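Chemist: Okay, here's the structure, questions in a sec.
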Amino acid sequence: MAKRTVKVASGNGLHARPAAVFANAAAEYDSDITIEFDGESADAASLMEVMTLGVKCGNEVTLISDDEEALDKLAELLESDLDEA
């Protein structure tokens, strides 16, 4: 399993629109992708699970998957302002 730790850049963290953009992007991959924050983990492709993590702007999350390309793309996405997406 590969991991990427990334700081969330969206001003609203991973709530509502930013979480939807992220979850939809994760759902495009066939591989399982997990997002971890503060000792909790969620299916990255599940909007509701991502939102329940309570990730705020500036928090660091860890992405885990066998698909390194997916991790790279999703990490890049989280490092951008998804409020503008």
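Chemist: Relative to the Cα centre, what is the charge dipole magnitude of the chain, using +1 at the beta carbon of each Lys and Arg, -1 at the beta carbon of each Asp and Glu, and rounding to the nearest 20 debye? Before the final figure, lay out each step's value.
Modeler: Numbers: 6 positive and 19 negative charges, 71 e Å.
In debye, rounded to 20, the chain gives about 340.
Chemist: Follow-up question, since we're still on this one. Across the chain, where is the longest run that never hits GluC sites (Glu not before Pro) in a DSSP loop with at most 14 other C-beta atoms within 10 Å?
Modeler: Values: sites that count: Glu28, Glu79.
Answer - 29-78.
Chemist: Could you tell me the relative contact order of the chain? Use alpha-carbon pairs under 8 Å, at least six residues apart, and round to a whole percent. Please list the in-between numbers first.
Modeler: Values: 176 pairs, mean separation 40.7, N = 85.
48 percent.
Chemist: Per DSSP helix of 4 or more residues, -39500 (n - 2.57); summed, then divided by the residues of the chain. What does that give at 222 nm, rounded to the nearest 500?
Modeler: -9500 deg cm²/dmol
Chemist: Something else now. Pull out a ≥ b ≥ c, the square roots of the eigenvalues of the alpha-carbon gyration tensor of the chain, then state rounded if a/c is under 1.5, prolate if not and a/b is larger than b/c, and oblate in the remaining case.
Modeler: Rounded.
Read-outs throughout are calculated quantities, based only on the coordinates presented, and are distinct from any laboratory measurement. Bear in mind the structure is a predicted one, so any value in this text is a computation, not a measurement. As a convention, Cβ positions derive from the backbone with ideal geometry for all residues, glycine included, and neighbour counts pool all protein chains shown.
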